[in-house]
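The next block holds one structure in the form of structure tokens; read it before the comments.
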Amino acid sequence: MAEPEHHPANPDIDPATVSALCEALEDEYRARATYRRVIEKFGPVRPFVNIVEAEGRHAALLAQFQRLGLTPPPDTWAGRDIALPDTLAEICAEAVKAEIENATLYDRLLAVVRDPEIREVMRRLQEASQERHLLAFKRCQERERGEKPEAEAACAGQDGARRLGRGRRGLGAAA
């Protein structure tokens, strides 16, 4: 990442914040390129096909570059031939690890960023990673290993209608 060319002429903008913005954007670019490569190799498989579009969330980071009058780093990940494991199960397992590492990345970046708008964008990205993407990749990993998803396993003792949300108050039930 060629950070110095992205530092603003405005001395009021903290260089650590600019560096954090560049690192966060680079991580988003890498994730999007990786998920696109998975889709290229395996077809439109979930959750990659859903999450690759969510990686457009880096637009919120780009908006912060614009707000600060900075030039964002280019996407050097686009078009790279990214090596992937042979199976979707392995890829899902790696994606789980990557989302866990993503939380650590944002914890580290948030520790140095003082700008409230950038902090909010980074908190939202971290939240999406931990509350949606991580869970989706865990479900993918379970599905590819032939395991029951955690919620389904927890309800295994109940009848199928309840497990599918068609119990007393579910679909088709009397009010």
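Counting only residues that are surrounded by fewer than 20 Cβ atoms within 10 Å (Cβ to Cβ) and in contact (Cβ under 8 Å) with a residue 60 or more places away in the chain, how many does the range 122-135 have?
3
Output the residues belonging to the range 53-62 that are among the acidic types (Asp, Glu) and either assigned to a loop (DSSP other than H, G, I, E, B) or surrounded by fewer than 14 Cβ atoms within 10 Å (Cβ to Cβ) (or both).
Glu53
Out of the range 63-107, which residues are part of a helix (DSSP H, G or I), over 16 Å from the mean Cα position of the chain (by Cα) and either under 18 Å from Tyr35 (Cβ atoms) or hydroxyl-bearing (Ser, Thr, Tyr) (or both)?
Residues satisfying the conditions are Leu88, Ala89, Glu90.
In this structure, does Phe65 turn out to be crowded, with 18+ Cβ neighbours inside 10 Å and closer than 13 Å to Ala136 by Cα?
Judged against the criteria, Phe65 is not a match.
Results for (1) of a type in the set (Val, Ile, Thr); (2) free of Cβ contacts under 8 Å to residues at least 12 places away in the same chain; (3) surrounded by fewer than 21 Cβ atoms within 10 Å (Cβ to Cβ), shown as yes or no for each residue.
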residue	(1), (2), (3)
Ala16	no, no, yes
Ala31	no, no, no
Tyr35	no, no, no
Ile51	yes, no, no
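Against the condition under 17 Å from Met122 (Cβ atoms) and among the acidic types (Asp, Glu), how does Glu94 come out, does it pass?
Judged against the criteria, Glu94 is not a match.
Which one of Ala89, Ala95 is in contact with a Cys (Cβ under 8 Å, 6 or more places away or on another chain), surrounded by 15 or more Cβ atoms within 10 Å (Cβ to Cβ) and at pLDDT 90 or above?
From the options Ala89, Ala95, the qualifying one is Ala95.
Can you tell which of Ala151, Ala103, Ala161, Ala173 is surrounded by 12 or more Cβ atoms within 10 Å (Cβ to Cβ) and either touching a Gly at 6+ places or on another chain (Cβ under 7 Å) or modelled with pLDDT under 90 (or both)?
Ala161
In this structure, is Arg108 touching a residue at least 60 places away in the same chain (Cβ under 8 Å) and either of a type in the set (Val, Ile, Thr) or surrounded by fewer than 19 Cβ atoms within 10 Å (Cβ to Cβ) (or both)?
no
The values are calculated or read from the model by the stated rules, or taken from the named source; none is laboratory data. Bear in mind the structure is a predicted one, so any value in this text is a computation, not a measurement. Positions of Cβ are generated from backbone atoms using ideal geometry, with glycine treated the same way; all protein chains shown enter the neighbour counts.
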